[in-house]
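The values are calculated or read from the model by the stated rules, or taken from the named source; none is laboratory data. What you see is a predicted model, and the numbers here were worked out from it, not measured in a lab. Here the Cβ is made from the backbone with ideal geometry for all residues, glycine too, and neighbour counts use every protein chain on show.
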Ligand SMILES: Cc1cc2nc3c(=O)[nH]c(=O)nc-3n(C[C@H](O)[C@H](O)[C@H](O)COP(=O)(O)OP(=O)(O)OC[C@H]3O[C@@H](n4cnc5c(N)ncnc54)[C@H](O)[C@@H]3O)c2cc1C
Ligand SMILES: [Zn+2]
Ligand SMILES: [Zn+2]
């Protein structure tokens, strides 16, 4: 409710500004109305601009008022002090808000919120350590500038905070030849906020590979104040060759495009299903080596001369993500010409797959659509020996599922033989049961996890339980093997 209320301010203020500006431009006679409208328009503009700041956006997305004066910590010491103050004032455990997107997708208001958006930038003199409120894109850019390296993969949304990214089960599009998004995280500076006393001890350094298990077991208990990255575990920002795949329902043998999608040399890959299409549409990215040919295309939206096809260009990043993702749900449109999808792209650009949603149109549309976004994480059932058919039958199910319910899914998979898949779903809450029921036969050992920074409401957890599945934490699933 609070979320709706505060989000509505964005279009209302824009509307008020435009309305008053138009009325003002027609106002000639009455000086009171003239200055009243001018003042009103300026005030509306000022308030609307306020909503574009990181802090106001995080507050709205976490269900709180974006207006007024707030203090947000800028150092780990100030963060500790702020967390202690919340304990003292309320007697209860605080919660932390990074960029607010996880709170929004989870449809939860952050209780006793402490904001991380000003705890950003490099930490101390270290070039590879960042405060946890730093946005992923900023940390990546700074590391790339200093070391010429980038992350093997990242969550596709670049405006999230690095603290939330690594404290939660976030992941990117990594394929068999890639690495998980958290691969380069070496140490985290964490505060245990279990009690007032543990909070007061302040942050301590922990190895990420150990801390991540603690975060997984009890996500609300730890606050990441800073993250250190291991440059040796980052990738060279190499050129990738992009390729479109169109996977169709196939009952006995895997579809040829699915084989392409599952290529062992795919560094990144992602596949979309949705109500507006009877196929799955996706992309793979394999390393583009020096002597490999480069496709040519016309520059300037197809009007200019022939040049090597290098992505991103014009609005290609947003257009591709729109076609793959949004259009799977809405209109089914996509560029059929294979060549148009044949650009080469730097790994860092390929990781930044999602367009920037920070103008707040995206959450408003998401709310209006009545859908929720949850993600099932599981190991693929291994009843058939043909590993490709395990994925093909899941694809068949998802393609058919979205002919019955309105929604879309995004499939991500690393190593084929390991069988770990991430099935991100956007659907209406009342269809959650149907979605989980359809996917159930593909789940190994009846064990499934939900992404812990997306929607985890009753509609989904009840469906999981009622359908006889066992909900575990993401890392229990990550640790499961055939
Ligand atoms: C357009 C879009 C695309 C997305 N794509 C992907 C994707 O490809 N892969 C993926 O995995 N996710 C994806 N997500 C989900 C998103 O990455 C997660 O929800 C992420 O956790 C949000 O980060 P945030 O900084 O906005 O977190 P917030 O909403 O501020 O917080 C989310 C949770 O993290 C906790 N948290 C925040 N900061 C810290 C901290 N410093 N220490 C400990 N806990 C903390 C909060 O308490 C909260 O529980 C996408 C979201 C959007 C909107
Ligand atoms: Zn292109
Ligand atoms: Zn469309």
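So, of the residues in the range 303-330 that are part of a strand (DSSP E or B) and within 9 Å of ligand 2 (Cβ to nearest atom), which turns out to be farthest from residue 246 (Cα to Cα)?
Filtering first and then ranking leaves 310.
Looking only at the range 331-370, which residues are under 19 Å from residue 62 (Cβ atoms) and either touching a strand residue (DSSP E or B) at 6+ places or on another chain (Cβ under 6 Å) or not assigned by TED's automatic domain parsing to the domain that holds residue 243 (or both)?
Correct list: empty.
Which pairs do you get when a residue that is within 22 Å of residue 409 (Cα to Cα), found in the range 307-329, comes within reach of a residue that is within 11 Å of ligand 2 (Cβ to nearest atom) and part of a loop (DSSP other than H, G, I, E, B), reach meaning Cβ atoms under 7 angstrom, with the pair 6+ apart or on two chains?
The qualifying pairs are 323/335.
Just wondering, is there one or more residues in the range 377-386 that are within 13 Å of ligand 1 (Cβ to nearest atom) and either closer than 26 Å to residue 423 by Cα or not assigned by TED's automatic domain parsing to the domain that holds residue 108 (or both)?
Yes, because at least one residue in the range 377-386 is within 13 Å of ligand 1 (Cβ to nearest atom) and either closer than 26 Å to residue 423 by Cα or not assigned by TED's automatic domain parsing to the domain that holds residue 108 (or both).
Looking only at the range 292-302, count how many residues are part of a helix (DSSP H, G or I) and either loosely packed, with under 12 Cβ neighbours inside 10 Å or within 16 Å of ligand 1 (Cβ to nearest atom) (or both).
Summing the residues that are part of a helix (DSSP H, G or I) and either loosely packed, with under 12 Cβ neighbours inside 10 Å or within 16 Å of ligand 1 (Cβ to nearest atom) (or both) in the range 292-302 gives 3.
Given the range 36-139, what helices (runs of 4 or more DSSP H) lie entirely inside it while holding 3 or more residues that are more than 27 Å from residue 451 (Cα to Cα) and more than 16 Å from ligand 3 (Cβ to nearest atom)?
Qualifying helices (runs of 4 or more DSSP H): 76-90.
With 421, 470, 448, 477 as the choices, which residue is surrounded by fewer than 16 Cβ atoms within 10 Å (Cβ to Cβ) and within 24 Å of residue 215 (Cβ to Cβ)?
Criteria check complete, one pass: 470.
Within the range 336-368, restricting attention to residues that are assigned to a loop (DSSP other than H, G, I, E, B) and without any contact (Cβ under 8 Å) to a residue 40 or more places away in the chain, which residue is surrounded by the most Cβ atoms within 10 Å (Cβ to Cβ)?
Result: 355.
Filter the range 399-415 down to the residues that are over 21 Å from the mean Cα position of the chain (by Cα) and buried (at least 19 other Cβ atoms within 10 Å of the Cβ) and list them by number.
Result: 399, 401, 402.
Can you name the residue in the range 279-296 that is over 17 Å from residue 256 (Cβ atoms) and touching a residue at least 40 places away in the same chain (Cβ under 8 Å) and is also farthest from the chain's Cα centre (by Cα) among such residues?
My answer is 292.
Kindly provide the set of residues from the range 451-470 that are within 30 Å of residue 99 (Cα to Cα) and out of contact with any strand residue (DSSP E or B) (no Cβ under 6 Å at 6 or more places or on another chain), ordered by number.
The answer is 452, 453, 457, 458, 459, 461, 462, 463.
So for the range 295-318 (the condition being assigned by TED's automatic domain parsing to the domain that holds residue 431, closer than 23 Å to residue 428 by Cβ and within 16 Å of ligand 3 (Cβ to nearest atom)), does at least one residue qualify?
Scanning the range 295-318, I find no residue that is assigned by TED's automatic domain parsing to the domain that holds residue 431, closer than 23 Å to residue 428 by Cβ and within 16 Å of ligand 3 (Cβ to nearest atom), so the answer is no.
Between a residue in the range 63-83 that is without any contact (Cβ under 8 Å) to a residue 24 or more places away in the chain and any residue that is surrounded by fewer than 14 Cβ atoms within 10 Å (Cβ to Cβ) and in a helix (DSSP H, G or I), which pairs come within a Cβ distance under 9 Å, given they are 6 or more apart or on different chains?
Every condition considered, no pair remains.
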